[in-house]
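Engineer: First, the structure itself, so that you have it in front of you.
What follows is calculated from the coordinates using simple rules that are stated; it is not laboratory data. Everything quoted here is computed from the prediction, not taken from an experiment. Methodologically, a virtual Cβ is constructed for each residue, glycine included, from the backbone with ideal geometry; neighbour enumeration extends over all protein chains shown.
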Amino acid sequence: MSRFFPLSDNDRREMLRKIGADKIESLFSSIPESGQFKGTLNIPSYSEQELLDLFRNLADSNTPTQSFAGAGVYAHYIPASVDSLASREEFLTAYTPYQPEISQGTLQAIFEYQTCMCALTGMEVSNASMYDGATAFAEAILMAKRVGKKKNTVLISDAIHPHYRKVAQSYLENLGIRIKAIPTLNHKVDIETLSAELENEDVFAVAVGYPNFFGIVEPLDEIALTVREKAPKALLVSVTTEPLAFGMLTPPGEFGVDIACGEAQSFGNYPGFGGPLLGFLTTRQKLVRNMPGRVVGQTTDVDGKIGYVLTLSAREQHIRREKATSNICSNQGWCMLRAVIYLALLGKAGLRELAELNHRRAETAKKAISRSTHFEVVPGMSFNEFVVRSDTDLEDFVEHSVVNGMFPGVRLSKFGLAPDEMLITVTEMNTVEDIHRLVELMEAVK
Amino acid sequence: MKTLRGKEKTIFQMGGEGKRGMDLPKPEGLAPIAISGPCMRSTTPDLPDLSEIEVVRHFTRLSKLNYGVDDGFYPLGSCTMKHNPKINELIASLDGFKWSHPMLPYGMVQGTLKAMKMLEDALNEITGMDGCSLQPAAGAHGELTGVMMIRACLEKRGNPRQFILIPDSAHGTNPASSAFSGYEVKEVASDETGCVDLAKLEEVLDENVAGMMLTNPNTLGIFEKNIQKIADMLHEKGALLYMDGANMNAMMGKARPGELGVDVMHLNLHKTFSTPHGGGGPGAGPVCFLKHMAPFQPAPVVDGEGGYHKLDWNRPDSIGKVHGFYGNFLVALKALAYILSLGGKGLEQSTEDAVLAANYIRASLKDNFHVPFDIPTLHEVVFNDKKQAEFGISTLDIAKRLIDYGIHPPTIYFPLIVHGALMVEPTESESKEEMDYFIEIMKKVAKEASISPELLHDAPHDTPVRRLDETKAARNLVLRYGGGDE
Ligand SMILES: Cc1ncc(COP(=O)(O)O)c(C=O)c1O
């Protein structure tokens, strides 16, 4: 008998008697004979102790490493308070807050998260989370399409995360939306091509990375100006995989971006092999009715007391069905909770300091690498990740580094991009000593 | 349900300049800032300034305004609010897993990839399907993925077709997922037994139909007795059968969709497989499929040939990617831990107990609450407010009154084909004592409805907030602190 089952055999007999059934099998008689599974599922069972051993062994067969990996998922220090508070069962084991009177904890946390995300991005409205940055991006384009109505072309910068572009393609191609790629020039949006493509009357949105996939801070002011001049009706969408950058960078909202979306895993969530992540999507108040996903609003109860509820649900699938603004139902609520706890701990000053610490460590790495023999840093203003180019075989280099306990960065050929380039990410988790070790390994290649 | 304080300020109304809740390594010996120009932020984002203890107290107090599965009975129909084992959380927080990065070489993440493969294999065994992808992040995401696969499969045969058929009892995500895959939706009416009406199906089924999304057991908790026939009818017209497996908790070890004619389906790991809902997510919605659909599954695919695990990206017929990486891996781990805690026999027992519990509640309350479809049900039972309506009492009133007794309300007003639905799903995690308490309270509430209806109208009474003005929330939008008119 499993420890998960609170019914005793005696309970089961009494319950069957109340139902008026002679045996448990008769409760399944609505399954036609021809559809019944007569065997036993071939899955072993483990005691809790054995189970933990099994999973410890699996976890231990992953190789621990010093790492400069980023490219959409970031290792940041997570304060103990985040784990501790988020583990409270009242948060962890609750459902979506459909009954607001007994869900004010979750609802207020979402309201606070929405406020924090607006502050970070300079936008007016945030939803309560999407699955991840890639799906938030795809849904942002679909949202723009709803606003752009008859127009059918979206311009997507090649400097957006390749996985995000892939997901967007899966989402858009079935709907007949035309994607036109904007090529890069020096790892940035080629503004001239962008400007030329904007001559096309059919463009309903332009999407750029900020910072982009290569870590470069795109000149969002120039891009916004170009879009506004050439296609004033088109929506400008910015995509960010590392929103810690907003501790230092002018937020997209200040450049007049219409939808700022991306990945907020950086805030209090573990890399977790890429999931669960935290897609964010923020926009302007006037576009809120086209927004996908849940949103929490403030209201009052019958006694006039302030409280929070899920609102604007007339956009959502449970009401609008096939006409909904998205099919999303369950989202990433708990990851969002971790993010708001993290941001509350970090605060104004902490955000700026942490952003600067990341940036300056990355700059320190850039300086050291640019003095090395076989590696050069691709030029461009960056936040905490950047591209290096090498005249050695990068696959060999990565392998050699891994043997020496260091993962030096993500080869761009993993994304079908330049085989001689690698993306290096530096966070507060990488010390100056780690950076020196990285450069030593770079100098050791033949 | 009472908390020490019924009210908590927002973080933006607390704290003060100079305070901090997180300290950082000192920036010693570092290169200077190299960002300048219009992209250098000149404003300070308005985050709060709080010390650690203030943050700890704030979120602890907020948590006390919530109600979770660990607090008590949580019979949300269709949501399968079963026990969330604690060991699963510990396993998902092992350093080797939670710090594993998705771009590391395969040789460095063998444990992670192997765990993914183990879960895929277990889900295939449970569903009787041939293959599984863990990429979808929730049930609706699995639906979208599955319908995209149907589209890719039919495209490969020459014509993606135009319609997806969906029973009128379906969850809202089904039609929405179909629409987002580029299909038009045709609704199929249910018959008097709550199942798909075969005659109606016959009427709408033609060569323009790409497939049907069928929830089984359906949202009334009824096993679609004609599912094999439906599959045959679809297949004969070259269409495919998708199964919404949100209710798999009613079938484990009893029937396998792969043997019922289903081509592709999703599971909700946050329902059937015990992973916590986290106040809204993250879930995980793996898709399982028959061999003939395998080429179309999302890329990459975990390949464990010869004991070495890697990701196969070379999938020319794949629908592409639907997630930035490989899905909600840490959630998948929890589900695997649950499956291995129970084993095949235990999973079957959980299904038996869940079905027993739902039928026990049905038998105990059928004289007090109307059962609109008087057909045998599996893991859940749908009542409605017909008997109480004569006293001016609605489903909403009943739900809110339950809160006064420390019980989470059932799912209400779903499925849409039942007027005033009250959908109760007890799961296998409830003791008989807990269910008897629920039954006693439901009877009491039914009695109150007839003698003192105002008790129900005014409920809940003792919660941190009482009934909230949702119309006001939607009209006078305040979606962030300091936003809106207030
Ligand atoms: C029958 C059914 N289908 C689909 C879904 C959607 O699942 P999710 O919320 O994981 O997207 C649900 C969950 O509410 C459901 O009950």
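Engineer: Taking the dipole about the Cα centre of the protein assembly as shown, with the C-beta of Lys and Arg at +1 and of Asp and Glu at -1, give me whichever of B:Asn368, A:Leu175, B:Pro45 is farthest to the positive side.
Structural biologist: The residue sitting farthest along the positive end of the dipole is B:Pro45.
Engineer: I want to make sure I understand the PRE zone here: with the label point 7 angstrom from the Cα of A:Val302 toward its beta carbon, which residues in segment B:453-485 have backbone N atoms less than 14 Å away?
Structural biologist: Answer for segment B:453-485: B:453-470.
Engineer: Rg and Dmax of segment B:87-340, Cα atoms, in Å?
Structural biologist: Just the Cα atoms of segment B:87-340 yield Rg and Dmax of 17.9, 57 Å.
Engineer: Can you give the % of DSSP beta bridges in segment A:80-343 that are antiparallel, to the nearest 5? Show your work: numbers first, answer last.
Structural biologist: On the way: 15 of 33 bridges.
Antiparallel: roughly 45 percent of the beta bridges in segment A:80-343.
Engineer: I would also like to ask the following. At each listed q (0.07, 0.08, 0.11 Å⁻¹), what is the log10 of I(q)/I(0) that the Debye formula gives for the protein assembly as shown modelled as equal alpha-carbon point scatterers?
Structural biologist: After summing over all Cα pairs, the log10 values are -0.54, -0.71, -1.38.
Engineer: Using only atoms on other chains, find how many Cβ atoms lie within 10 Å of each Cβ of peptide A:123-131 and report the average.
Structural biologist: What the average comes to for A:123-131 is 4.
Engineer: Based on the alpha-carbon gyration tensor of segment A:80-343, what equivalent-ellipsoid semi-axes (square roots of 5 times the eigenvalues) come out, in whole Å, largest first?
Structural biologist: The answer is 32, 20, 16 Å, longest axis first.
Engineer: Could you rank the peptides A:330-341, A:356-367 by their average count of other C-beta atoms within 10 Å per residue, with the highest value first? Can you show the working numbers first?
Structural biologist: On the way: A:330-341: 29.6, A:356-367: 22.6.
Highest-to-lowest ranking by the protection proxy: A:330-341, A:356-367.
Engineer: Right, here's the next one. Stretch A:Lys149-A:Lys414 to full length: gain in nm at 0.36 nm per residue minus the Cα-Cα span?
Structural biologist: This chain segment gains 91.8 nm when fully extended.
Engineer: Return the lysines within reach of B:Lys237: Cα separation strictly under 19 angstrom, same-chain partners fewer than 8 residues apart disregarded; answer none if there are no such residues.
Structural biologist: B:Lys156, B:Lys186, B:Lys200, B:Lys229
Engineer: Enter the Cα centre distance for the pair segment B:315-363 and segment A:281-334, rounded to the nearest angstrom.
Structural biologist: 28
Engineer: To the nearest 0.05, what FRET efficiency results for B:Asp95 and B:Asp469 with a Förster distance of 51 Å applied to their C-beta separation?
Structural biologist: Computed FRET efficiency for B:Asp95 and B:Asp469 comes out at 0.65.
Engineer: Using the Cα atoms of chain B to build a convex hull, what is its mean projected area in square nanometres?
Structural biologist: Details: hull surface 114.4 nm².
With the hull built on Cα positions only, its mean projection is 28.6 nm².
Engineer: If you don't mind, another one. Compute, for segment B:379-474, the length of the dipole vector about the Cα centre, with Cβ point charges of +1 (Lys, Arg) and -1 (Asp, Glu) only. Units Debye, rounded to 20.
Structural biologist: Its charge dipole is roughly 320 debye.
Engineer: Could you tell me which residue out of B:Met243, B:Pro426, B:Tyr326 lies farthest along the dipole of chain B toward its positive end? Charges go on the beta carbon: Lys and Arg +1, Asp and Glu -1, centred on the Cα centre.
Structural biologist: B:Tyr326
Engineer: Next up: Give me the percent of DSSP beta bridges within the protein assembly as shown that run antiparallel, rounded to the nearest 5.
Structural biologist: 55
Engineer: A follow-up question, please. If I model a spin label at A:Glu440 and A:Ala196 as a point 7 Å from the Cα along the Cα→Cβ vector, what separation in nanometres do I get?
Structural biologist: Using points 7 Å along Cα→Cβ, the separation is 5.0 nm.
Engineer: Can you give the mean number of other chain Cβ atoms that lie within 10 Å of the Cβ atoms in peptide B:396-403?
Structural biologist: Per residue, the average neighbour count from other chains is 1.
Engineer: Among DSSP bridges having both ends in segment B:87-340, what percentage is antiparallel? Round to the nearest 5.
Structural biologist: Expressed as a percentage, antiparallel bridges in segment B:87-340 total about 35.
Engineer: Sticking with this one: What's the ranking of B:227-240, A:18-31, A:122-135 by average number of surrounding C-beta atoms within 10 Å, highest first?
Structural biologist: Ranking, from highest mean packing down: A:122-135, B:227-240, A:18-31.
Engineer: Between A:Asp221 and A:Arg3, what FRET efficiency follows from the Cβ-Cβ distance if R0 is 45 Å, with the result rounded to 0.05?
Structural biologist: 0.15
Engineer: Now for a separate question. On average over all directions, what projected area in square nanometres does segment A:1-114 have, based on the convex hull of its Cα atoms? Show your work: numbers first, answer last.
Structural biologist: Values: hull surface 58.6 nm².
Average of the hull's projected areas for segment A:1-114 equals 14.7 nm².
Engineer: Moving on to the next point. What FRET efficiency do you get for B:Asp317 and B:Lys386 if R0 is 60 Å and r is their Cβ-Cβ distance, rounded to the nearest 0.05?
Structural biologist: E between B:Asp317 and B:Lys386, to the nearest 0.05, is 0.75.
Engineer: Still on this model: Where does segment B:371-486 land on the Kirkwood hydrodynamic radius, alpha-carbon pairs, in angstrom?
Structural biologist: 15.9
Engineer: In nm, give the distance between the simple-model label positions of B:Lys9 and B:Glu440, each being 7 Å from the Cα along the Cα-to-Cβ direction.
Structural biologist: 4.3
Engineer: Next question, about the same structure. Aspartates and glutamates within cross-link reach of B:Lys432: Cα-Cα under 15 Å, excluding same-chain residues under 8 positions apart?
Structural biologist: Hits, sequence-local ones excluded: A:Asp9, A:Asp11, A:Glu14, B:Glu352, B:Asp353, B:Glu440.
Engineer: Might you report the magnitude of the Cβ-based charge dipole of chain B about its Cα centre, with Lys and Arg at +1 and Asp and Glu at -1, to the nearest 20 debye?
Structural biologist: Details: 49 positive and 63 negative charges, 232 e Å.
It works out to roughly 1120 debye.
Engineer: Over the whole of A:14-26, what's the average partner chain Cβ count within 10 Å per residue? Rounded to a whole number, please.
Structural biologist: Partner Cβ neighbours, averaged per residue: 4.
Engineer: Something else: What is the sum of charges around A:Glu421, taking Lys and Arg as +1, Asp and Glu as -1, for the other residues whose C-beta is under 12 Å from the C-beta of A:Glu421?
Structural biologist: Counting the neighbours of A:Glu421, the net charge comes to 0.
Engineer: Assign unit charges at the C-beta atoms only (+1 for Lys and Arg, -1 for Asp and Glu), then state the dipole size of segment A:161-226 relative to its Cα centre in Debye, rounded to the nearest 20.
Structural biologist: 400
Engineer: Per residue of chain B, what 222 nm ellipticity follows from adding -39500 (n - 2.57) for every DSSP H run with n ≥ 4, rounded to the nearest 500? Present the calculation step by step, with values, prior to reporting the outcome.
Structural biologist: Values: 14 runs with 166 residues, N = 486.
Calculated from helices alone, the mean residue ellipticity at 222 nm is -10500 deg cm²/dmol.
Engineer: Setting aside same-chain residues fewer than 8 positions from B:Lys9, which aspartates and glutamates have a Cα under 12 Å from its Cα?
Structural biologist: Straight-line reach from B:Lys9, under 12 Å: A:Glu112, B:Glu54.
Engineer: Could you tell me which of A:Thr153, A:Met336, A:Pro243 has its Cα farthest along the dipole of segment A:80-343 towards the positive end, charges placed at Cβ (Lys, Arg +1; Asp, Glu -1), taken about the Cα centre?
Structural biologist: A:Thr153
Engineer: Let me ask something else about it. Going through the cross-link list A:Lys230/A:Lys366; B:Lys114/B:Lys225; A:Lys150/B:Lys321; A:Lys446/B:Lys310, which pairs have a Cα-Cα distance over 32 Å in this structure?
Structural biologist: On the way: A:Lys230/A:Lys366 37 Å; B:Lys114/B:Lys225 37 Å; A:Lys150/B:Lys321 27 Å; A:Lys446/B:Lys310 29 Å.
Violating the 32 Å limit, Cα to Cα: A:Lys230/A:Lys366; B:Lys114/B:Lys225.
Engineer: Please label the shape of segment A:393-446 as rounded, prolate or oblate, based on the square roots a ≥ b ≥ c of the eigenvalues of the alpha-carbon gyration tensor (a/c under 1.5 means rounded; beyond that, a/b larger than b/c means prolate, else oblate).
Structural biologist: Working: a/c = 2.18, a/b = 1.33, b/c = 1.64.
Because a/c hits 1.5 or more and a/b fails to exceed b/c, segment A:393-446 counts as oblate.
Engineer: Highest mean first, what order results for A:181-191, B:129-139, B:343-353, A:404-414 on Cβ atoms within 10 Å? Write down the numbers at each step before the final one.
Structural biologist: Details: A:181-191: 17.8, B:129-139: 26.7, B:343-353: 21.8, A:404-414: 19.9.
Those peptides, ordered most packed to least, come out B:129-139, B:343-353, A:404-414, A:181-191.
Engineer: Taking 7 Å along the Cα-to-C-beta vector as the label spot, tell me the A:Thr373-B:His457 distance in nanometres, rounded to one decimal.
Structural biologist: Spacing of the two 7 Å Cα→Cβ label points: 8.8 nm.
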